[in-house]
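Visitor: First the structure, which I've put down as structure tokens, then a few questions once you've had a look.
The values are calculated or read from the model by the stated rules, or taken from the named source; none is laboratory data. What you see is a predicted model; the values in this text were computed from it and never measured. All Cβ positions, glycine included, derive from the backbone under ideal geometry; neighbour counts span all protein chains shown. Only protein heavy atoms, including side chains, enter the accessible area calculation; ligands, DNA and RNA are left aside. Shrake-Rupley method; radii C 1.70, N 1.55, O 1.52, S 1.80 Å.
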Amino acid sequence: MSSTPGKNYLNEKSGLWSWLTTLDHKRIGIMYMISVLSFFFIGGVFAMLMRLELFAPGALFEGNTYNQMMTYHGTIMTFMVIIPGVPAFIGNFVLPLLLGAKDVAFPRVNLMSWYCLMVGAAISFLTLFFGGVDTGWTFYTPYSIQTNGTVLMVLGAFVMGFSSILTGLNFIVTVHKLRAPGMDFFKMPLMVWALYSTAIIQVLATPVLAITLLLLASEKLLGVGVFDPALGGDPVLFQHFFWFYSHPAVYIMILPAMGIISELLTTFSKKTIFGYRAIAFSSVGIAAVSFFVWGHHMFVSGQSELAGVIFSFITMLVGVPTAIKTFNWVATLYKGSIEFRSPMLYALGFIFLFTIGGVTGIILATLATDVHFHDTYFVVAHFHYVMVGGTLMAITGGIFYWFPKMFGKMYSEFWAQMSFLFVFSGFNITFFPQFILGATGMPRRYHQYLPEFTSLNQISSIGSWTIGIGFLIALGVIIHGLLKGEKAPKNPWGGLTLEWTADSPPIHENFETTPVVTAGPYEYGR
Amino acid sequence: MRNLLAMYSVLLTGLFTTSSAWAERIMPAQGNAYASEVDSLYIFLLVASLISFILVIGGMMYFVLKYKRKSANDETPYISHDHKLEFLWSFIPFLIFMFVFAWGWKLFREARTMPKNAFEIHVTGQKWAWNFDYKSGVSVTSSSSEEAAFVIPVNKPIKLIMTSKDVLHSFFIPAFRIKQDVIPGRYTALWFEAEKEGEFQIFCTEYCGDLHSQMLAKVRVVSMEEFENWMQTHPSRALGQMTLAERGKYLTNKSACTACHNFESSEKKIGPGLKGLFGKERQFEDGSKAIANADYIMESIYEPQKKYVKGFGGVMMNKYLPKDLSAEQVSWIIEYIKSNK
């Protein structure tokens, strides 16, 4: 198929309607980008307000207001930003390009999953007009049953879950059926392995969330006793259900981010990846084991001691493939030709922060120490190091990496590096003190605290403003690049994966002629 | 250097050696030997983490600076894998993980095996107060307004048998490194032995609503002698000698009414202040009015969602059932409200 010169997926058709009905994976990816970035902005505002309140407790908000902000921050950031962030947004744009395909396997399903996310998000935001929800993003029973907005919020999460399931299904089929001629599984870029592993979790775990949320709704609306002890239910059962989804979901959030890191490191060190198979299999390994560790959220919940011991043991096993990936990334840098472009800075920042998140994860997987740290700020710091220091750093790095491909324009490298500087330093100022706060006993989800926790909380709040500035700069870089950026070449970074052989921005069905693959994805130095 | 040596002693001599002074800077004060054992494990984990971090990130920094791009035509070697190296950096972390798993398990088992001769105390969590019932009949409540009510003897294993009246709570005493969720509809248990006299903070660590962060209490550890004296003279054993209004005051505290209502002032908390309430006209959210007589107060306790006082629409007060507060007890509370003119 040949295309008209000057035409690409962005300008081929015009008008809002052409976007809302598009079946092009790239356009759907861009729609996800706009949605996810908007949700990220809203969730971020909630975070800033929370840190502002914690700078001087009681000055701004009452307990209930704070608790609602905490709930919306958590719900928005998990269900609307981090879960769709890599697979649905970046994955949608790059997966077919990485595979040398024209599109995903089911373009209509792909569009439908975007609508599921939007409808689900709209339903969740509706709760704001019905008194708001203050259960925390975990919806623990029986508290959540006694609150009014919960059913609506849960319905929103239920619908958004289908977005995740459909995307996962689509990606599994795409990876199996639409690889370019010659691309066997071990010639796929590692980003594809990561998205593939993620898709498996999305398809297998998300339905459990849907079932749980349905049970919760039927209890609230029909009075069926499942979780509420007043009706003969068991509140701890809810936690088992919830974490059976939500723990694998943590890997939905981090695995594809790890995929991005493998891409960035190889391109900007011009070096083949060290231990391709180890990284690929560790993605699949993490995905498999992730289903058997949920009970580590529940060491003090009242589950049996034996269960606690077994979950602690299996959790330790997840540490191994995670460590392997980190070592392989560092080994990839050895004797490379390392270029400090902004995506690379974000990738190196990822390794730095993710390592801290990882080692503190082992501290939390250890039974006796977890009993003390559970539900304190230590846990808050740990998962922000993984989810923000890890996933969000990877998403931002990924945006700067594929931006020229997405829009055919370059951005200001200087300001992109500045954004990294602010986000990275601000992140550590915000969250490192929270480890100490938690270890010395400050519980999470507190809108007031004892006087001895004041100074560390204030340092943390100051850090949050620094992160805020960093992300605003990044947003400015994106907008400026879109409006005023220079024209981007096909392959600005010297990448070897297939997307860099397509035009920037690519044409409607990506490639003029279907590429034929004869070598691995990172054959630098051969 | 001394700190470093102390850290090495923890690393080498293993399970029971502790470097208390160092640990107490990054952890709460240690209330007993178990706390210092947990701290030894934590310090081991921290040192191991620090070493791995320095290896990984130091290596990364060294490589990125040493192999910084010199020109666009840099040649890089093709190094695809190294089985020996990969085996080593999988197996060594595995061994460390198994070691800390076993260590954590050992301490966890210690904390979760209830001693037979323990001094038992019933603990009830409710929004937003902790209730402690001793076998002697002494009953104390810690809500945010009153702390350090919970008293225990030193050097005596204490077993807490816990349940909740409403939602999930979690009982956390940092000084003893113990924590356990408190669940409605069933019992959970926790044990510890305080080896130091003094006051130690208690937090609720399972989110439970508006005043979750004020659901605090303190445990006061005293000598056995002082403990027995405290128990003998505690006012909760002498209800018969109190006036009805005094009993009412005692109940408003015990039933955590005071978590949300001021009784001796008319200032609002979560709910309205109740000083001078009796006999006054009340205005409700739906526009209706009523005189606050005894029937109204009883209804407000048993059916709090029936009428919302103007300005408090949708504020969810816990419903009290006759099994929580009997009709007789409600009349004591009414007497108490009457007495606050």
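Visitor: Only one of B:200, B:171, B:150 is at pLDDT 95 or above and either over 18 Å from residue B:228 (Cα atoms) or away from chain A (no Cβ under 11 Å) (or both). Can you tell me which?
Guide: Details: B:200 fails: at pLDDT 95 or above; B:150 fails: at pLDDT 95 or above.
From the options B:200, B:171, B:150, the qualifying one is B:171.
Visitor: Additional query: For region A:364-414, what are the residues that are in a helix (DSSP H, G or I), within 10 Å of chain B (Cβ to nearest Cβ) and open to solvent by less than 10 Å² (accessible area, probe 1.4 Å)?
Guide: Correct list: A:365, A:367, A:368, A:369, A:370, A:372, A:373.
Visitor: Sort through A:307, A:347, A:288, A:331 and tell me the only one that's farther than 25 Å from residue B:38 by Cβ and without any contact (Cβ under 8 Å) to a residue 24 or more places away in the chain.
Guide: None of the other options fit; the residue is A:288.
Visitor: Then there is this: Are any of the residues in region B:234-253 at pLDDT 90 or above, of a type in the set (D, E, K, R), open to solvent by 50 Å² or more (accessible area, probe 1.4 Å) and over 25 Å from residue B:164 (Cβ atoms)?
Guide: No, there is no match, as no residue in region B:234-253 is at pLDDT 90 or above, of a type in the set (D, E, K, R), open to solvent by 50 Å² or more (accessible area, probe 1.4 Å) and over 25 Å from residue B:164 (Cβ atoms).
Visitor: Let me ask something additional. Could you grab me the full set of residues in region B:63-77 that are open to solvent by 80 Å² or more (accessible area, probe 1.4 Å), within 7 Å of another protein chain (Cβ to nearest Cβ) and either among the hydrophobic types (A, V, I, L, M, F, W, C) or farther than 15 Å from residue A:494 by Cβ (or both)?
Guide: Within region B:63-77, B:68 is the sole residue that qualifies.
Visitor: Picking from A:265, A:306, A:237, A:255, which residue would you name as being crowded, with 24+ Cβ neighbours inside 10 Å, out of contact with any strand residue (DSSP E or B) (no Cβ under 8 Å at 6 or more places or on another chain), of a type outside the set (D, E, K, R) and over 22 Å from residue A:524 (Cβ atoms)?
Guide: Values: A:265 fails: over 22 Å from residue A:524 (Cβ atoms); A:306 fails: crowded, with 24+ Cβ neighbours inside 10 Å; A:237 fails: crowded, with 24+ Cβ neighbours inside 10 Å.
Among A:265, A:306, A:237, A:255, only A:255 is crowded, with 24+ Cβ neighbours inside 10 Å, out of contact with any strand residue (DSSP E or B) (no Cβ under 8 Å at 6 or more places or on another chain), of a type outside the set (D, E, K, R) and over 22 Å from residue A:524 (Cβ atoms).
Visitor: Evaluate the following for residue B:244: is it of a type in the set (A, V, I, L, M), farther than 21 Å from residue A:140 by Cβ and in contact (Cβ under 8 Å) with a residue 60 or more places away in the chain? Give the derivation first.
Guide: Values: of a type in the set (A, V, I, L, M): yes; farther than 21 Å from residue A:140 by Cβ: yes; in contact (Cβ under 8 Å) with a residue 60 or more places away in the chain: yes.
Against the criterion (of a type in the set (A, V, I, L, M), farther than 21 Å from residue A:140 by Cβ and in contact (Cβ under 8 Å) with a residue 60 or more places away in the chain), residue B:244 qualifies.
Visitor: Does residue A:31 fit the bill of being open to solvent by 10 Å² or more (accessible area, probe 1.4 Å) and either among the acidic types (Asp, Glu) or assigned to a helix (DSSP H, G or I) (or both)? Give the steps one after another, and end with the answer.
Guide: On the way: open to solvent by 10 Å² or more (accessible area, probe 1.4 Å): yes; either among the acidic types (Asp, Glu) or assigned to a helix (DSSP H, G or I) (or both): yes.
Yes; evaluated as a whole, the condition is true for this residue.
Visitor: Let me ask something else about it. Please go through region A:137-161 and give me each residue that is open to solvent by 10 Å² or more (accessible area, probe 1.4 Å), within 11 Å of chain B (Cβ to nearest Cβ) and more than 12 Å from residue A:212 (Cα to Cα), ordered by number.
Guide: Selection gives A:137, A:143, A:145, A:146, A:147, A:148.
Visitor: Find the residue count for region A:127-136, including only residues that are within 11 Å of another protein chain (Cβ to nearest Cβ) and either surrounded by 20 or more Cβ atoms within 10 Å (Cβ to Cβ) or under 16 Å from residue A:78 (Cα atoms) (or both).
Guide: Taking region A:127-136 as the starting set, the residues that turn out to be within 11 Å of another protein chain (Cβ to nearest Cβ) are A:130-132, A:134-136.
Filter once more, so that each one left must be either surrounded by 20 or more Cβ atoms within 10 Å (Cβ to Cβ) or under 16 Å from residue A:78 (Cα atoms) (or both): A:134-136.
The total comes to 3.
Visitor: Go over the candidates B:131, B:117 one by one and state the one that is in contact (Cβ under 8 Å) with a residue 12 or more places away in the chain, crowded, with 21+ Cβ neighbours inside 10 Å and more than 14 Å from every other protein chain (Cβ to nearest Cβ). Step through it out loud before you land on a result.
Guide: Numbers: B:117 fails: crowded, with 21+ Cβ neighbours inside 10 Å.
Just a single option satisfies the conditions, and that option is B:131.
Yes/no per residue for (1) surrounded by fewer than 22 Cβ atoms within 10 Å (Cβ to Cβ); (2) out of contact with any Cys (no Cβ under 7 Å at 6 or more places or on another chain); (3) not assigned by TED's automatic domain parsing to the domain that holds residue B:35:
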residue	(1), (2), (3)
B:95	yes, yes, no
B:100	no, yes, no
B:139	yes, yes, yes
B:150	no, yes, yes
B:160	no, yes, yes
B:176	no, yes, yes
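Visitor: Separate question: Please indicate, with yes or no, whether at least one residue in region A:320-340 is facing chain B (nearest Cβ under 9 Å) and in contact with a strand residue (DSSP E or B) (Cβ under 7 Å, 6 or more places away or on another chain).
Guide: Yes, some residue in region A:320-340 is facing chain B (nearest Cβ under 9 Å) and in contact with a strand residue (DSSP E or B) (Cβ under 7 Å, 6 or more places away or on another chain).
Visitor: Got a sec? Which of B:217, B:189 is within 12 Å of chain A (Cβ to nearest Cβ), in contact (Cβ under 8 Å) with a residue 60 or more places away in the chain and under 18 Å from the mean Cα position of the chain (by Cα)? Give the derivation first.
Guide: Working: B:217 fails: within 12 Å of chain A (Cβ to nearest Cβ).
Just a single option satisfies the conditions, and that option is B:189.
Visitor: Filter region A:264-301 for residues that are polar (S, T, N, Q) and within 13 Å of chain B (Cβ to nearest Cβ) and give the result. Full working, then the answer.
Guide: Taking region A:264-301 as the starting set, the residues that turn out to be polar (S, T, N, Q) are A:266-267, A:269, A:272, A:282-283, A:290, A:301.
Scanning region A:264-301 gives A:266, A:267, A:269, A:272, A:282, A:301.
Visitor: Could you please let me know if residue A:355 is open to solvent by less than 20 Å² (accessible area, probe 1.4 Å), at the interface with another protein chain (Cβ under 9 Å from one of its Cβ atoms) and either of a type in the set (Ser, Thr, Tyr) or in a helix (DSSP H, G or I) (or both)? Steps first, answer last, please.
Guide: Details: open to solvent by less than 20 Å² (accessible area, probe 1.4 Å): yes; at the interface with another protein chain (Cβ under 9 Å from one of its Cβ atoms): yes; either of a type in the set (Ser, Thr, Tyr) or in a helix (DSSP H, G or I) (or both): yes.
Yes; evaluated as a whole, the condition is true for this residue.
Visitor: For region A:420-445, give me each residue that is within 20 Å of residue A:470 (Cα to Cα), within 13 Å of chain B (Cβ to nearest Cβ) and surrounded by fewer than 20 Cβ atoms within 10 Å (Cβ to Cβ).
Guide: Once the filter is applied, which keeps residues that are within 20 Å of residue A:470 (Cα to Cα), within 13 Å of chain B (Cβ to nearest Cβ) and surrounded by fewer than 20 Cβ atoms within 10 Å (Cβ to Cβ), region A:420-445 yields A:428, A:432.
Visitor: Mind listing whichever residues of region A:211-255 are without any contact (Cβ under 8 Å) to a residue 24 or more places away in the chain and in a helix (DSSP H, G or I)? Break it down stepwise before answering.
Guide: Kept after step one, since they are without any contact (Cβ under 8 Å) to a residue 24 or more places away in the chain, are these residues of region A:211-255: A:218, A:222-226, A:231-232, A:234, A:237.
Correct list: A:218, A:222, A:231, A:237.
Visitor: Hey, another quick one. Look at region A:165-200 and say how many of its residues are open to solvent by less than 10 Å² (accessible area, probe 1.4 Å) and more than 23 Å from residue A:521 (Cβ to Cβ).
Guide: Qualifying residue count for the region: 0.
Visitor: Across region A:309-319, which residue is farthest from residue A:353 (Cα to Cα) among those that are open to solvent by less than 20 Å² (accessible area, probe 1.4 Å) and within 7 Å of another protein chain (Cβ to nearest Cβ)?
Guide: Taking the candidates together, the pick is A:309.
Visitor: If you scan region A:446-471, which residues turn out to be outside any helix (DSSP H, G or I), within 28 Å of residue B:36 (Cα to Cα) and open to solvent by less than 20 Å² (accessible area, probe 1.4 Å)?
Guide: Within region A:446-471, the subset outside any helix (DSSP H, G or I) is A:446-450.
Applying the additional criterion that residues be within 28 Å of residue B:36 (Cα to Cα) yields A:446, A:449-450.
If the condition is that a residue be outside any helix (DSSP H, G or I), within 28 Å of residue B:36 (Cα to Cα) and open to solvent by less than 20 Å² (accessible area, probe 1.4 Å), then A:446 is the only one that fits.
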